[in-house]
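Below is one structure, written out as structure tokens, with a few remarks after it.
Just so you know, all these numbers are worked out from the coordinates, no wet-lab data involved. Keep in mind that this is a model prediction, so the values were computed, not measured. Cβ placement follows ideal geometry from the backbone for every residue including glycine, while neighbour counts extend to all protein chains displayed.
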Amino acid sequence: MNLLELEDVRFRYPDGSVGLNGCSLSITRGSRNALLGVNGSGKTTLFQHTNGLLRPQSGQLRYAGVPIDYSRSGLRELRSRVGIVFQNPDRQLFSASVQEDVSFGPFNLGLGKEIVRERVASALQAVGMEKFADKAVHNLSFGQKKRVCIAGVLAMEPELLVLDEPMAGLDVIAQHEFMAVLDDLHARGITLLLATHDIDFAYAWADRIHLMSAGQCAASIDARSLADGGEILTDVGLPLPAVLELERKLRSCGLFSREVSPRSHRELLSLLDESNTFEKEVS
Amino acid sequence: MLIEQSAYANRWRKASPAAKAFFALCGFVAAFAAPVPQIAAAIAAGLAIVTVAGAGVPAGRYLRVAAPALLFLAISCLSLAFSLNLSNEGGGLSMQWAPTEAGRIAQVGTRSLAALAALLFLVLTTPLIDLIALLRRLRVPEVLLELMVLCYRMLFVFSEAMRDTLTAQSARLGYASSRLALRSLGLMAANLTLQIWQRAHGLHVAALARNNDGPLRFIEPTYASARRDMVLAALGGGALIAISWAFS
């Protein structure tokens, strides 16, 4: 079932630049979605449409099959279901203390103090930041600030979590930790949509990959189907995932013959190890 | 930043801010009630010892934070010690030492010193976020608190932005000569002005995204031993006032 649908959405900024130019895409409930596209392709504009921060000049957005209601109460309802985590944490965190900032969203939902306290604690725990509850935001690292941003949105218990380039600026360790957080959120039943430039990450993580180009969704593909093709990526100026290129090369040299296609470097290595062990046992 | 460091890294960081504020208030009352300079000086020393030995604020840092205020106090006392006279004969200005004022200067100076020590005790042991939460509990108007929260947060965002700009400019010889430095400073001011506008807009959008349509509401922190802290603060504060009152 589709949770969010965009149908021929168009949006132009006041300075004349095109944000979205007839964009159509749909997000299935419970899925992991990666939005790929070069800078200026309309990813952030699309995100700001998902919870009504921007309103399409033409076209339609539907949430759970119902067209979005842009009245005050309609937006309130939508924003309690769709949470956005912005790219730059310093533009999202405006309270000086971690738990105060996380409590901001639930209070806006009109919840009582005790429920807010519970939600803040559970959101901070979900992102592994419970020890930092009474720390000042400016004393945190970049990665920690990003986690607090996610906790601030999680505390509102959204159905759809939209993350604008969450891996940008994170070191490798923080990226791995962040992926674990994302997996945990997905296991809780939250639908995820994130923007990224990293095709390798998108291929390894996502169920669906949406390709943005010049304000349009050029294609929405099942990530697994890339193994059989991939030309669609080159059409929008994106490279193939490195693991896929390597797999193809290994297959052409007769060094890899498994039916299953690995989605990450680590998966490929473990499949190669398994193949080697099997061949040794046979010989 | 020195105040920030101490506020977060002292032994009494987790103590109830209400208790610390009450103790500081008692310090103020004792300072103003002190009848003779010796008592006011003793109260100042007592408060400083409590801050350094009790809360564990390093003495060197304490003095560095106090230095600008002490300098200001010293200048004020000196200006009280001298009086300007307009001579009737020559029509010129002359400066005169006013020995009769010495007692009053000592009184005002030591009282100010004690009041400064009380204030330093509070700010060096309590982060501003705790103080803002305390003010919220004391029903200070929301709009003032929101301004305080945003200003405090932005202070760090902009000091970081300024540092980055300064480094980027220095790396391209932006401060190689006084003329270039002036130009670079102007460019940085212009750039930061634009950033303020952009960030204010960004924060507004972020607030909207989290369903905000009015006042900024935040959770209040809780303190496990608030009652015990308040009793201790009342005892300590009461002792300060008692000393002051006993000698009056």
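Its DSSP H runs of at least 4 residues, each contributing -39,500 (n - 2.57), put the calculated 222 nm mean residue ellipticity of chain B at -24500 deg cm²/dmol, to the nearest 500. Projected onto planes of every orientation and averaged, the convex hull of the alpha-carbon atoms in segment A:78-166 covers 5.1 nm². In summary, the lysines within cross-link reach of A:LYS113, defined as a Cα separation below 27 angstrom excluding same-chain residues under 8 places away, comprise A:LYS131, A:LYS135, A:LYS145, A:LYS146, B:LYS14, B:LYS20.
Each other residue within a Cβ distance under 10 Å of A:TYR63 adds +1 if Lys or Arg and -1 if Asp or Glu, for a net charge of -2. Which of A:TYR13, A:LEU3, A:VAL116 sits closest to the plus end of the dipole of segment A:2-238, meaning its Cα is farthest towards the positive end, when Lys and Arg get +1 and Asp and Glu get -1 on the C-beta? The one lying farthest along the dipole's positive direction is A:VAL116. Extending 7 Å from the Cα toward the beta-carbon at both A:ARG55 and B:TYR8 defines two label points whose distance is 4.2 nm. Mark the label point 7 Å from the Cα of B:GLN195 along Cα→Cβ and return the residues of segment B:142-162 whose backbone N is within less than 15 Å of it. Answer for this model: B:153-162. Considering the protein assembly as shown, its Cα convex hull presents a mean projected area of 37.8 nm². Candidate membrane-span-like segments in chain B, meaning DSSP H helices with Cα atoms spread over at least 27 Å of their own axis and a Kyte-Doolittle mean of 1.0 or above, are B:59-81, B:102-125, B:226-246, with no membrane implied. For peptide B:5-11, the mean count of partner chain Cβ atoms within 10 Å of a residue's Cβ comes to 1. Under a Gaussian network description of chain A, with springs only between Cα atoms under 10 Å, the residue in A:VAL102, A:VAL38, A:VAL260 that fluctuates furthest is A:VAL260.
Note that segment A:2-238, at 20 °C in a medium of 1.002 mPa s, gets a Stokes-Einstein diffusion coefficient of 117 µm²/s from its Kirkwood radius over C-alpha pairs. With the convex hull drawn over the C-alpha atoms of segment A:1-91, the volume per residue is 120 Å³. Taking every DSSP bridge with both residues inside chain A, close to 55 percent are antiparallel. Estimated at 0.36 nm per residue, the fully extended path between B:PHE32 and B:SER159 surpasses their Cα-Cα distance by 42.0 nm. Eigen-decomposition of the gyration tensor built on the alpha-carbon atoms of segment B:99-170 gives equivalent ellipsoid semi-axes of 35, 23, 11 angstrom, largest listed first. To the nearest ten degrees, helix A:265-282 and the longest principal axis of the Cα atoms of chain A are 30 degrees apart.
Packing-based ranking of B:122-130, B:21-29, B:3-11 yields B:122-130, B:21-29, B:3-11, ordered from highest to lowest mean Cβ neighbour count within 10 Å.
When the convex hull of its Cα atoms is viewed from all sides, segment B:135-209 shows a mean projected area of 6.5 nm².
Here the alpha carbons of chain B define both size measures, Rg and Dmax, at 23.7, 75 Å. Between the helical axis of A:142-154 and the longest alpha-carbon principal axis of chain A there is an angle of about 60 degrees.
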